[in-house]
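Participant: For reference, the structure I am asking about is given below.
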Amino acid sequence: MVDTVADHPTGIDPDHDWRVPAGGGVLLVVLGVLAILFPLVTGLSVSLLLGALLVIGGFAHVAHAFSVPGWTGSLVQLLLAVIYVVAGISLLANPVLGLTTLTLLVIAYLFVAGIVEIVAGLSMPREANGLWIAVSGVLGLLLAGLLWAGWPATTLWAIGVLLGVNLVISGVALLSVGSAERRVISDESTTAA
């Protein structure tokens, strides 16, 4: 009979190496701290990476244009290719302008998401703890307001810091998963002995 993860009461395979998520967590925390310490470099890197991905996406649209039936489908694909390549080259040629645009998009996202979360949280039944969703929305609106109030200066740090904080949080979460797996595997091996 094959032993599966479902056979274990914790759902964690004791043969699973807990060091993989823990190591990934450490790497993400280190990258996140570096992103927070060097937010402009991080933001410019994101802008350049997005530019490169858009250029690659443009070439993919060109390739797809030759496989689409009919001339209208090909024309649409070629038009998309031009838009992608022009946007990508613009980001590659002037990553600071790209970073400014990304910062404005983040501000708009935080503003709209904040309003939606407030409305959704306040309309949820009391038992669903919708207040936490509403609080998240208020924090999103406050962050959007702070970034907007400091704009364009926030362009220099916002994307890098926000990405860094996200990486640190994700890294800590993976460390937590690795720690839990280590604890469960350790407990199972001591009870089996």
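The values are calculated or read from the model by the stated rules, or taken from the named source; none is laboratory data. These numbers come from a predicted model, not from an experiment. Don't worry about glycine lacking a Cβ; one is built from the backbone with ideal geometry, like all the others, and counts go over all protein chains shown. Only protein heavy atoms, including side chains, enter the accessible area calculation; ligands, DNA and RNA are left aside. Shrake-Rupley method; radii C 1.70, N 1.55, O 1.52, S 1.80 Å.
Participant: Considering each residue of segment 102-136, count those that are under 27 Å from Gly58 (Cβ atoms) and in contact with a Gly (Cβ under 7 Å, 6 or more places away or on another chain), and give that number.
Facilitator: Count: 0.
Participant: Follow-up. Would you mention how many residues in segment 59-77 are open to solvent by 50 Å² or more (accessible area, probe 1.4 Å) and polar (S, T, N, Q)?
Facilitator: Of the residues in segment 59-77, 2 are open to solvent by 50 Å² or more (accessible area, probe 1.4 Å) and polar (S, T, N, Q).
Participant: Here are the criteria: (1) without any contact (Cβ under 8 Å) to a residue 12 or more places away in the chain; (2) hydrophobic (A, V, I, L, M, F, W, C); (3) farther than 28 Å from Val46 by Cβ. Tell me which single one Leu97 does not satisfy.
Facilitator: (3)
Participant: I'm trying to understand the selection: among the residues of segment 1-39, which are over 22 Å from Leu167 (Cβ atoms), open to solvent by less than 70 Å² (accessible area, probe 1.4 Å) and at pLDDT 60 or above?
Facilitator: Correct list: Asp17 only.
Listed here are the residues, each with its yes/no results for (1) touching a helix residue (DSSP H, G or I) at 6+ places or on another chain (Cβ under 8 Å); (2) surrounded by 19 or more Cβ atoms within 10 Å (Cβ to Cβ).
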position	(1), (2)
Trp148	yes, no
Pro152	yes, no
Leu163	yes, yes
Val172	yes, no
Arg183	no, no
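Participant: Of the residues in segment 85-101, how many are touching a Gly at 6+ places or on another chain (Cβ under 9 Å) and open to solvent by 80 Å² or more (accessible area, probe 1.4 Å)?
Facilitator: Total meeting the criteria: 3.
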